[in-house]
Amino acid sequence: MDLVSGYKGVVGLVFGNENSGSNEDSYVERLLDRISNGKLAEDRRSAMIELQAIVAESHGAQLAFGAMGFPVMLAVLKEERDDVEMVRGALEALVGALTPIEHAKGPKNEVQPALMNTDLLSREADSISLLLSLLSEEDFYVRYYTLQLLTALLTNSPNRLQEAILTIPRGITRLMDMLMDREVIRNEALLLLTYLTREAEEIQKILVFEGAFEKIFSIIKEEGGSEGGVVVQDCLQLLNNLLRTNASNQILLRETMGFDPVISILKLRGSTYSFTQQKTINLLSALETINLLMMGGTEADPGKDANKLTNKATLVQKKVLDHLLLLGVESQWAPVAVRCAALQCIGDLIAGQPKNLDILATKVLGEEPQTEPALNSILRILLRTSSMQEFIAADYVFKSFCEKNSDGQTMLASTLIPQPHLMTHAPLEEDVNMSFGSMLLHGLTLSENDGDLETCCRAASVLSHVLKDNVQCKERVIRIELEPPMPSLGASEPLMHRMVKYMALASSMKNKDGKSSTSGNLYVQPIILKLLVTWLADCPNAVHCFLDSRPHLTYLLELVSNSSATVCTRGLAAVLLGECVIYNKSNDNGKDAFTVVDTISQKLGLTSYFLKFDEMQKSFLFTSVKSAQPRKVLTRSTAASMADIEDVDENDSSDQKDEDHPILSAIFDVQFVNLVKKLEGDIRESIVEVYSHPKSKVSVVPAELEQRSGESDGEYIKRLKTFVEKQCSEIQDLLSRNSLLAEDLAKTGGGSNSQPEQRVSGGLDRVQVEKLRRDLQEASQRLEMLKTDKAKIESEASMYRNLAGKMESDLKSLSDAYNSLEQANLYLEKEVRALKGGGPSTIADVEAIKAAAREEAQKDSEAELNDLLVCLGQEQTRVEKLSARLLQLGEDVDTLLEGIGDDVGLPEEGEEEED
Amino acid sequence: MSYDYLFKYIIIGDTGVGKSCLLLQFTDKRFQPVHDLTIGVEFGARMVTIDSRPIKLQIWDTAGQESFRSITRSYYRGAAGALLVYDITRRETFNHLASWLEDARQHANPNMSIMLIGNKSDLAHRRAVSKEEGEQFAKENGLLFLEASARTAQNVEEAFIKTAAKILQNIQEGVFDVSNESSGIKVGYGRPQGPSGARDGAVAQRGNCCG
Ligand SMILES: Nc1nc2c(ncn2[C@@H]2O[C@H](COP(=O)(O)OP(=O)(O)O)[C@@H](O)[C@H]2O)c(=O)[nH]1
Ligand SMILES: [Mg+2]
């Protein structure tokens, strides 16, 4: 190929002819040749410029560059440091070769030459340290392009570069120094360090050792804190990388600079009413920092919990709560995403921290005289916000506040005092002077006015936190009586009864008109059910109160079997029914546990009752529950969308394959799901108990059956008669219960001689039978497939058997040929020996000829033999593999191969014997 | 938590000589008989007072294994002090001192103060390196020297404080440019700061707004 004449001065032609790969190859090759071997500095420079241009534009040139260009460019970087223009050019060409071409045509899945080139360059052991050394160059562009090159390498092969940089002494120090460089370089270095520190604990530590915290915070301050631009966002992202699951770095920050610089970013200054998108992202990033500090180190770290506690205590000491309250509660202009993140942080800050709980409980917001407790403000937000996310975040604060905090619960419950009529019906706006409890009660009953149960169910969620695991609070709230909605409408009723009423109302509203029954009401019933389940747990008085109204039981039974209710609603209703059995201490006829069980088995049948539990356990809510939802890491690309969130996307629920509302996933936390699981076990056990030990109405004491002294015959007979009558009626009861059970049993279709324990788990059985049936079906399908497989393999085996036979006969004829050659050789040898007498000179010749002839013959036959042996070896392994496979399939391989052995093995043996 | 100076230390030496235990004894005043193998580098911090001046010590405890050497080397340059530790009951840890020292000379700031510590002095009955040998090695190489025990806490406090005193003395004698961050020394907040270590004109233009 004539390079020179083909391309001299025809650059235009090359560009016009881009599809021709080989043309580009040779063009790039020629340019590289000019750069490395050119004599004139001018010519070398212009070649470099041409190279830059073509590598930045063409796929083919990038490929060609990757194949040949790196050594040339690295040589320039290494040996021509003084020629700034060449070094710049080489760096620029490298950046070009590593940058994907946007408008590239061709199939999508084609290899990106830029990625391949990145991979190639990052494999060059010395190239990374060479690049790092360029960072100390005087020339601005050299440093700038070098950083770009390193960023490109990091983006495409992060792990390799992370490892390489760790092995270069002072490599990270060099990069850190770039943070002190002029602005453009500094910003580039920030991005680079952010990539570099991603999930690389050792690099994170070295950065911090080199004083990264000081530098980051000084840049943030310089750029105006949260009011600053995207640089502040980059700084915070780097900061978060350094702190994420890195306890050592968290301790270092705490022990040296302290958390003040983080907290001061949250401080709103200047225009507190204006929140640009950038400011929102900056604040969200700083809130993430707080969150990372509260999560401590990695899960595996034994000091994690201690570190977490110290971090939380330090944060509160530094008054982070004030800033969070300002962002999450007081600021009227903060975007909803910021408010939610701040509330979430407040929840995490107080969870399980007695001291922090107290601080929040006593916190007062606003200025005299318009002050109110912070918890009241948060409750108001919870009841009034139009954002589901914000409701969930505020609810999380109350959940965290009430968790294992019986004093706090008692404090909140103590203010639950019903207000006179006027007050209850006051519009929400006038609640500033209300106590927490009044506001909550107001929220619970607000729906009377407008028929909207949204506020009621949010308040119910808060009330369930207040009551959870706290018998005193439960009992106290049981006693709360509400006036009737209209004074003329009868007597007052307990709060609990009102809640049941609203729950019933929720379903009827749903059926009635489409407008008010938006998806919202899908969660009203489950949330009120959660309240009742929490309330009745371990609280016989609550059960008593619930059953005090006869229709409640009937309503629950209907709800459990209502096919238009969600799986979750039916399941929770079933749990509530079960609680009426296990926590029932009542002796009243008609309200005791026996009656409830009897009613369940009469109206529902035990099998279908327990089926509701199974269905709920299998539902999305219960299977997807996790202890903590890890938050999304904010990056430049995800930050914008984070800042934009306004509300739960209703469409999100579509992929949950369930009719349950997404809000339920937030409200049905681990603790509640575990409570339900535990209750289910207790309920099953308790119902078995009820049936195996029926309460006897008539105690049978043998002594009583004797005639008492002084008792007349008539009296004795009368007494015995009533006794027999009582027994008779009890037998009647037992018989009817027995027939119910038998009926239930018959319905399950199970075996007639099943054990009592199996009876109650009939639902489970049915599920199992279904599963077994499916398994069976699958198994038989698989069997079919295996059968066809087997047939195929058998036919293959017979083919190979034939083949092996043919090979064998080939081998035989070959060995015959070899034998005859050997014979001929022997004969020749004999002849030669006979000729030996002819003189020494000829002997040598003949000897040589003979040797050559023998060698020739041997070589030929050996080569052929070798080929054959290889073939045979392959056949052997193939046959072995097939045999193994056949064996697996239950085929008797020996008999199958018997035929082959006869064909192949025996003649050979016979031959050998003949030889 | 204000301090006059902040000093960065590293602790180096073979695996198992008691580096992590020395740090734990110094920061938490406790001894942990079963100590986990250090992976990479771990951090600890404490305030001390020298000549009635509050000084913050930041200490990086390194892993002794060869496989972590390249990582731990990254910490040499930025340290003002180093504790070089051997185990008086294990001769080979003493024999390796020279290679550790070579590493330090190659990668560290030449003004770094090094304290040689013969650890586990509570195990005198199993001693394999005499105190005199330790002293001799320290003298030949210009190191401070102490025998200490992370278990009984004997000389632990002293080892860290004497190193700090030495660094402080160097500062007062003008050996260090304390404004240069790579010296492993930082002047505390609120104290008059030296000329900023500007690398080129661009930095100086930005002015001193990071006080
Ligand atoms: N008797 C005694 N044992 C020690 C002393 N210091 C450390 N050890 C033990 O030596 C072992 C190694 O200690 P460690 O601090 O993990 O060594 P490192 O690898 O240098 O960090 C542990 O079993 C310690 O309990 C000491 O002063 N006296
Ligand atoms: Mg250790």
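The values are calculated or read from the model by the stated rules, or taken from the named source; none is laboratory data. These figures come from a predicted structure and were not determined experimentally. Cβ: placed from backbone, ideal geometry, glycine included. Neighbour counts: every protein chain shown.
Test of understanding: among A:THR197, A:THR118, A:THR155, A:THR146, which residue is crowded, with 22+ Cβ neighbours inside 10 Å, of a type in the set (Ser, Thr, Tyr) and under 29 Å from the mean Cα position of the chain (by Cα)?
A:THR197
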* Asked: Given the stretch B:17-116, what strands (runs of 3 or more DSSP E) lie entirely inside it while holding 2 or more residues that are buried (at least 23 other Cβ atoms within 10 Å of the Cβ)?
  -> B:53-62, B:81-87
* Asked: For the stretch B:139-152, what are the residues that are surrounded by fewer than 17 Cβ atoms within 10 Å (Cβ to Cβ) and within 14 Å of ligand 1 (Cβ to nearest atom)?
  -> B:THR152
* Structure fact -> Conditions (1) touching a strand residue (DSSP E or B) at 6+ places or on another chain (Cβ under 7 Å); (2) more than 16 Å from ligand 2 (Cβ to nearest atom) -> B:GLU132 fails only (1)
* To do: Could you tell me which numbered condition A:ALA491 fails, if it satisfies all but one of (1) at pLDDT 85 or above; (2) in contact with a Pro (Cβ under 9 Å, 6 or more places away or on another chain)?
  => (1)
* Starting from residues that are more than 13 Å from chain A (Cβ to nearest Cβ) and farther than 21 Å from B:CYS21 by Cβ, keep the ones in the stretch B:67-100 and report whichever is farthest from ligand 1 (Cβ to nearest atom). => B:ALA98
* Asked: Can you spot a residue in the stretch A:204-221 that is within 34 Å of the chain's Cα centre (by Cα), under 30 Å from B:HIS107 (Cα atoms) and of a type in the set (S, T, N, Q)?
  -> yes
* Checking A:LEU325 against (1) surrounded by fewer than 23 Cβ atoms within 10 Å (Cβ to Cβ); (2) within 28 Å of the chain's Cα centre (by Cα), which single condition isn't satisfied? -> (2)
* Structure fact -> In the stretch B:37-53, anything within 13 Å of chain A (Cβ to nearest Cβ) and within 7 Å of ligand 1 (Cβ to nearest atom) is listed as B:THR38
* Are any of the residues in the stretch A:333-343 touching a Phe, Trp or Tyr at 6+ places or on another chain (Cβ under 8 Å), modelled with pLDDT under 90 and not in a helix (DSSP H, G or I)? -> yes
* Asked: Within the stretch A:145-157, can one find any residue that is farther than 23 Å from B:THR72 by Cβ, within 11 Å of chain B (Cβ to nearest Cβ) and touching a residue at least 12 places away in the same chain (Cβ under 8 Å)?
  -> no
* To do: Could you please find all residues in the stretch B:1-36 being among the small types (Gly, Ala, Ser) and within 13 Å of ligand 1 (Cβ to nearest atom)?
  => B:GLY13, B:GLY16, B:GLY18, B:SER20
* Considering only residues that are touching a helix residue (DSSP H, G or I) at 6+ places or on another chain (Cβ under 8 Å) and within 8 Å of ligand 2 (Cβ to nearest atom), look in the stretch B:37-61 and name the one that is nearest to B:LEU83 (Cα to Cα). => B:ASP61
* Looking at the stretch A:171-275, what helices (runs of 4 or more DSSP H) fall wholly within it and have at least 3 residues that are closer than 21 Å to B:THR72 by Cβ and within 14 Å of chain B (Cβ to nearest Cβ)? -> A:171-177, A:201-209, A:247-255
* Does the stretch B:1-29 hold any residues that are within 14 Å of another protein chain (Cβ to nearest Cβ), more than 15 Å from ligand 2 (Cβ to nearest atom) and under 18 Å from B:ILE117 (Cβ atoms), and which are they? -> B:PHE7, B:LYS8
